[in-house]
1. Which one is surrounded by the fewest Cβ atoms within 10 Å (Cβ to Cβ), of the residues in region 149-170 that are farther than 19 Å from E238 by Cβ and of a type in the set (D, E, K, R)?
2. Does region 158-169 include one or more residues that are within 15 Å of the chain's Cα centre (by Cα) and either charged (D, E, K, R) or in a loop (DSSP other than H, G, I, E, B) (or both)?
3. Please go through region 183-198 and pick out each residue that is among the hydroxyl-bearing types (S, T, Y) and more than 20 Å from I262 (Cβ to Cβ).
4. From the list G81, G91, G113, exactly one residue is at positive phi, at pLDDT 90 or above and among the small types (G, A, S). Which is it?
5. Take region 398-416 and flag every residue that is outside any loop (DSSP other than H, G, I, E, B) and modelled with pLDDT of 80 or more.
6. With respect to P173, is the statement that it is more than 30 Å from P376 (Cα to Cα) and either crowded, with 21+ Cβ neighbours inside 10 Å or at pLDDT 95 or above (or both) true?
7. Kindly check whether there is at least one residue in region 189-204 that is in a loop (DSSP other than H, G, I, E, B), closer than 16 Å to N118 by Cα and in contact (Cβ under 8 Å) with a residue 12 or more places away in the chain.
8. Output the residues belonging to region 324-374 that are surrounded by 16 or more Cβ atoms within 10 Å (Cβ to Cβ), free of Cβ contacts under 8 Å to residues at least 60 places away in the same chain and among the acidic types (D, E).
Amino acid sequence: MAKRWSLVLGLGVLIGAAITYVAVQGGAVAQERAVVAFTPQERTTLTSLESALTRVAETVQPTVVHIRAKRQVATLPRDEGEGFQFDFGRGWIQIPRPRVEGQGSGVIIRSDGYIVTNDHVVGGASDVEVTFYDGTKAKGEVLRAPSADIAVIKVDRKNLPAAVLGDSSTVKPGQIVFAIGSPFGLENTVTMGIISAVGRREVIPGAGRTRLYTDLIQTDAAINSGNSGGPLVNSRGEVIGINTAIVAGGLTGGNVGIGFAIPINRVKAVVQRLLDKGVYRRGYLGVVPTDIPADLKEELKAEQGVLVRSVDQDTPAARAGIEAGDVITEVDGTPVKNENHFREMIADKGPNAKVRLKVLRDGKPMTLEATLGVHPDDAEDTEKIIPKRLQAEGVLDKLGISVGEVPSILLRELGNVQGVYVRSVAPNSPLADELEAGDVIVSVNRTPVRTVAELERALSQIPSGRFVQMQVLRRMGERTMQVLVMFRMP
């Protein structure tokens, strides 16, 4: 088989090549061409290969879209949100804000109008337009996961051709792949290459932030500006990754044969959270994990897992009793393969999840429990990245309050009391006259609440129109007061 492929690849270079002799006599041009004399078996093999490659492209191309993202930029003084205003002595004159247009690619994952792309393609966009394979266009609403560089665009369409999502855990170097998208705005472009490597760890700046990608697929299939968000497809036509970045070269910043894609299994986990919760926030433990050095495995009595290099203070890890030098071998009964696997498991659990960790300390096994927090990079206001029309309104949204873990400084002042910290109260909230930012909610209708999840669960069980009693701790100077907050559930 290896010999046959070698022959096919060698002969493939000569397909379409011609040895031409041109003679000019009396103004007439005569040409003689010598064509390659393939054997019947060779011609059949080449025809079969071309047919297979063409079918992959024809099957997947209709699921790939071109994306235009318009952004407003503020480069002039006194930007009031709708434009720029200048005082020329006759009152303020408003000038529309300048707009910048970016472009990228995406892939349809559900026939009822859901499209996946990179967050850096649509992040900060005021207007997103999708162009489909048939040339029709539609406006889209966006759900974003900035830390994962994934976004979902929802368009008002039905019966769209959806791509088949594969299993990126089976991807191996050497496999044939296709990159499909709109490089430099050239829509429906297909390039082919192989998987060059898996498990690449890269820190990549761009689109206003620097992101850590812990498990990228590397390919030499040509990926260029505009390919971002498009699919990386295997030889069966399954999407195994979302094209994301390249190592650029030359004056144009074009492809040099090194491109990266986010594995589709990671994408599926992020998309599911976005669709279920309306937001993607990673679980946070508060440790710096590394792969176990080969020369320490015997000493640590651990063949796999992660070595805890350090533990941040006032984090879920510190509260659970994890120490630097521990080896974490399992998370909720699942063996930890390596650092990347561990990071993904913790991230995918999400905030407020309780996890059981199997730990080796000085070679002795033990089990520790931790309640995960919100990753610091994900603690931004979700209203900045989630359109209200796509947000599932929860009970805290209805009440107009934003809550979180009690800050460590306040926790010490309150005597390590358990409760939920109030970050903000909206002016139109039914609690606006009763609850204050900085309060700590310790119970709802006499039921203790220690986490955000417990608070949401307690409030969601109260029917609309019923009175609610909240027990709250409030700092007043050097004093701590117990306050009873009462309101009617909207």
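The values are calculated or read from the model by the stated rules, or taken from the named source; none is laboratory data. The model shown is predicted, which means the values in this text are computed figures rather than measured ones. Glycine gets a Cβ as well: all are built from the backbone with ideal geometry, and neighbour counts include every protein chain shown.
1. That would be K158.
2. no
3. Step one: filter region 183-198 for residues among the hydroxyl-bearing types (S, T, Y), giving 189, 191, 196.
None - no residue of region 183-198 is among the hydroxyl-bearing types (S, T, Y) and more than 20 Å from I262 (Cβ to Cβ), so the list stays empty.
4. Details: G81 fails: at pLDDT 90 or above; G91 fails: at pLDDT 90 or above.
Answer to the selection: G113.
5. Let us first name the residues in region 398-416 that are outside any loop (DSSP other than H, G, I, E, B), namely 398-399, 401-404, 408-413.
Within region 398-416, K398, L399, I401, S402, V403, G404 qualify.
6. On the way: more than 30 Å from P376 (Cα to Cα): yes; either crowded, with 21+ Cβ neighbours inside 10 Å or at pLDDT 95 or above (or both): yes.
Spelling it out, P173 is indeed more than 30 Å from P376 (Cα to Cα) and either crowded, with 21+ Cβ neighbours inside 10 Å or at pLDDT 95 or above (or both).
7. We begin by selecting, within region 189-204, every residue in a loop (DSSP other than H, G, I, E, B); these are none.
No, every residue in region 189-204 fails to be in a loop (DSSP other than H, G, I, E, B), closer than 16 Å to N118 by Cα and in contact (Cβ under 8 Å) with a residue 12 or more places away in the chain.
8. D326, E330
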